[in-house]
Every structure is written in C-alpha cells, then in structure tokens.
Amino acid sequence: MCAVFAEESLAFAYDSISEGRKRPDFLFPSAEAYHSAKGTAGIRMLAAKTTCKDRWRQILNEADKLPIKHLLTLQQGVSVNQYSEMKSAGVVLVVPRALHSTFPLQIRSELLDVAAFIKETKAHYSDAS
C-alpha cells in the first residue's frame, strides 16, 4: 500500500506511534499532523487486516483522537450484523473493488474501494486547509 499511496502523491506515515505504544498502519497526512494541537480535521487513519472477523475491534483504539477508523481488508464479505456493529463503532471498510460483490447487496454502496479512499482522503486534506 505504501507504493500505491506514494504513486498517488498521498502524504502518509506508516507504522507511526499515535498514543503510548499504539501503532496504526497508516496515518494521513502524517504522524506530526495527528499529534498537532490543531485538532483532527484533515487527519485519517487506515488499518490493514487480511480478514476482519473479530480482529476489526483491534483497530478501535489505534488512534484515540479519531472517531472514524478506516479498515482495509481482503476478506470476502461480512454479515450484515457484523457490518452494522462495525459501522456503529465508527469503522469504514475499504475493500478492493473486485471483492465488493462478495458482500451483502444492502451494504455494498457503503464500502469504499482503494481509489475512493484515496480520493476522499485527498479531499479530506483540502477541506481541512
């Protein structure tokens, strides 16, 4: 993912410390921005997990300042109940477009693919400026 983000000119920090010993996979645009006293506008985090089953809960405290956590997964589908629980906890799923069809029809429109995540993250930066 680092190469994809760099190719897309997306500023990020990989494996940086958020609080204490917590290390989200990615912070956007940087760890410095995350730690700044200016608040959280324009800041995002992305965790990467091959599967999300019960492991999605691990990301909830990786960036305490951020109410929304993005989770990139290669898992093929989750149940509507599990998705509802994730959504209620502030988790947004980022799933490769080719896997969207493995998710229940009623949640597909809420999934982000990698391109949409990058586009939204870039817009998120400019909105905060």
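Computed from the coordinates by the stated procedures, all read-outs in this text should not be read as laboratory data. Fair warning: this is a prediction, and the values are worked out from it, not measured in the lab. Counting neighbours? That spans all protein chains shown, and the Cβs are built from the backbone with ideal geometry, glycine included.
What to note about this one:
- Loop-located GluC sites (Glu not before Pro) in the stretch 65-126 (DSSP state not H, G, I, E or B) with no more than 13 neighbouring Cβ atoms inside 10 Å: E110.
- Scanning residues 5 or more positions from Q75 or on other chains, those with amide H under 5 Å from its amide H are C52, with H placed 1.01 Å from N in the peptide plane.
- Cα gyration tensor, the chain - rounded (a/c under 1.5), prolate or oblate: prolate
- For the chain, averaging the sequence separation of C-alpha pairs within contact (under 8 Å, six or more residues apart) and dividing by the residue count gives a relative contact order of 21 percent.
- Pairs exceeding a 19 Å alpha-carbon distance, out of K22/K53; K53/K87; K69/K122; K22/K65; K22/K69: K22/K53.
- Applying 0.36 nm per residue to the separation of V4 and R57 and subtracting their alpha-carbon distance, the gain on full extension is 16.5 nm.
- In sequence order, the stretch 74-84 has phi-based couplings of 9, 5, 8, x, 9, 6, 4, 4, 5, 4, 4 Hz under the Karplus curve 6.51 cos²θ - 1.76 cosθ + 1.60, θ = phi - 60°, and Gly or Pro positions carry x.
- Remark on S16: its backbone amide H falls under 5 Å from those of L27, a criterion applied only to residues 5 or more positions apart or on other chains, H modelled at 1.01 Å from N.
- Counting only aspartates and glutamates at least 8 places from K38 when in the same chain, those with an alpha carbon closer than 20 Å to its own are E19, E62, D64, D127.
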